[in-house]
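The values are calculated or read from the model by the stated rules, or taken from the named source; none is laboratory data. It should be emphasised that the depicted structure is a prediction, and the values quoted were computed from it without experimental measurement. Glycine gets a Cβ as well: all are built from the backbone with ideal geometry, and neighbour counts include every protein chain shown. Just the protein is used for accessible areas: all its heavy atoms, side chains included, with ligands, DNA and RNA removed. Shrake-Rupley method; radii C 1.70, N 1.55, O 1.52, S 1.80 Å.
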Amino acid sequence: MTRYFDDLETRSADARAAAHADDLPRQLARAQVLPGYGTSLSGVETAKITSVADLAKLPVLRKSDLGKAQAENAPFGGLTTRSVSGFAHIFQSPGPIYEPGGTEHDWWRMGRFLHACGIGKGDIVQNCFGYHLTPAGMIFESGARAVGAAVLPAGTGQTELQARAAADIGVTAYAGTPDYLKVILDKADAMGLKLGITKAAVGGGALFPSLRQEYKDRGIFCLQSYATADLGNIAYESDAMEGMIVDEHVIVEIVTPGTGDPVAPGQVGEVVVTTLNPDYPLIRFATGDLSAILPGVSPCGRTNLRIKGWMGRADQTTKIKGMFVRPEQVAALVAKHSEIVKARVIAGREGEMDTMTVQIEANGGSAQDFGKSVAEVLKLKGKIEVVTPGSLPNDGKVIEDLRTYD
């Protein structure tokens, strides 16, 4: 097995930027003619959008927009360049949201991740992701085919049968959620079965360090990926295990939650993804997940952007004193004053009453003026605390709810 999946993983930043300059105008031209985007992209000169920085000029597409478009134009909201019958699969995720799927070579780009896990020809992958309605099972199966591995389409549940099959067939690799592998291993131990699993490609949940160490102690090399049903593979770990490397066929931005505005390098924000899949051109699709960009490149030699991985959810909408406060309102407050660098709304409780404190990082300005804007933009009055720039935590939170309901 070669060290890298293909030459794209080690190309220079200039080569990657040149490829984006070619790919982005074509992808945007596809999206412009799709009715699911409404008028949001109308008037955009696609030929001038040639870089990651240029993407910030475009609107963000959110899951709620996708659901609305699909309700008006079932099943894919018009956001595909093929007819419905032109796809090999149609999947349903909670919402419901419908996603297309293809059987062409590695349509979801999961092969790159499985290759990083050391999975390839001669391996048998026990795929424990679900095959029922949702696409996870097929996403990982297509990746296994891309690296030449055979697949046991195990799906979820029936652990005793799973352990027996793993032993009888000689399974060498696992794909599934991080914790279910331990369930299979423990069941096999209880049944007196010896398994030959030495590699694990996991996702869909947290891989805690203690669990990774337990797998290592059992002789299993385990890496994790970050993928969604809409986008496929977004980023993945390598053997360096220093952050997650962004896939070569998506573009990732980190933005202030509730907006499309890129954050400063290293700051935590919402993950926004533009896919270069010509069949399903999602442009600036907001995942609702938080992460941050890591500086430099991975020690493994792969040169693309790295992110820290999943760091929580970006949708921090909460209700204070009977009024919803949303991240986009906090962003509007920051935009209203040039002195404000960053703001954070804290919901609390005193006795039986809700309280609201607005912490504001600012270079000048007054709490009185900021308070007026808070009342105007958030439609609520609260305590204003002006702090020096850099004082607020770098955790992506613009709304923090400290109330308990015990």
Counting only residues in the stretch 17-65 that are of a type outside the set (A, V, I, L, M, F, W, C), under 14 Å from residue 260 (Cβ atoms) and open to solvent by 50 Å² or more (accessible area, probe 1.4 Å), the one modelled with the lowest pLDDT is identified as 40
Does residue 70 count as touching a residue at least 24 places away in the same chain (Cβ under 8 Å) and part of a strand (DSSP E or B)? no
Which of the residues belonging to the stretch 256-309 are open to solvent by 20 Å² or more (accessible area, probe 1.4 Å), under 19 Å from residue 16 (Cα atoms) and in a strand (DSSP E or B)? 293, 294
For the stretch 199-209, does any single residue satisfy the condition of being basic (Lys, Arg) and either without any contact (Cβ under 8 Å) to a residue 40 or more places away in the chain or at positive phi (or both)? no
Checking the structure you have, find out if any residue of the stretch 166-183 is touching a residue at least 60 places away in the same chain (Cβ under 8 Å) and either open to solvent by less than 70 Å² (accessible area, probe 1.4 Å) or among the charged types (D, E, K, R) (or both). yes
Pairs needed: first member in the stretch 7-27, outside any helix (DSSP H, G or I); second member anywhere, polar (S, T, N, Q); C-beta distance under 9 Å; at least 6 residues apart or different chains. 11/303; 11/304; 12/303
Of all residues being touching a strand residue (DSSP E or B) at 6+ places or on another chain (Cβ under 8 Å) and at positive phi in the stretch 217-243, which is most open to solvent (accessible area, probe 1.4 Å)? Just the residue, please. 241
Out of 122, 101, report the one residue that is open to solvent by 70 Å² or more (accessible area, probe 1.4 Å), small (Gly, Ala, Ser) and touching a residue at least 12 places away in the same chain (Cβ under 8 Å). 122
Where a residue in the stretch 324-345 is without any contact (Cβ under 8 Å) to a residue 40 or more places away in the chain and over 16 Å from residue 390 (Cα atoms) and its partner, wherever it lies, is open to solvent by 40 Å² or more (accessible area, probe 1.4 Å) and not in a strand (DSSP E or B), with Cβ under 8 Å and at least six apart: 324/317; 337/365; 337/369
Hey, does the stretch 244-266 have a residue that's at positive phi and either in contact (Cβ under 8 Å) with a residue 24 or more places away in the chain or among the β-branched types (Val, Ile, Thr) (or both)? yes
Per-region count, the stretch 133-149, residues surrounded by fewer than 16 Cβ atoms within 10 Å (Cβ to Cβ) and over 25 Å from the mean Cα position of the chain (by Cα): 1
Is it true that some residue in the stretch 69-88 is crowded, with 19+ Cβ neighbours inside 10 Å, of a type in the set (Phe, Trp, Tyr) and within 17 Å of residue 273 (Cβ to Cβ)? no
How many residues does the stretch 304-347 contain that are of a type in the set (D, E, K, R), in contact with a strand residue (DSSP E or B) (Cβ under 6 Å, 6 or more places away or on another chain) and at pLDDT 90 or above? 5
Looking only at the stretch 313-355, which residues are within 19 Å of residue 60 (Cα to Cα) and among the small types (Gly, Ala, Ser)? 314, 331, 332, 335
Counting only strands (runs of 3 or more DSSP E) wholly inside the stretch 131-202, the ones holding at least 1 residues that are of a type outside the set (Ser, Thr, Tyr) and either touching a Leu at 6+ places or on another chain (Cβ under 8 Å) or under 16 Å from residue 225 (Cβ atoms) (or both) are 173-176, 199-202
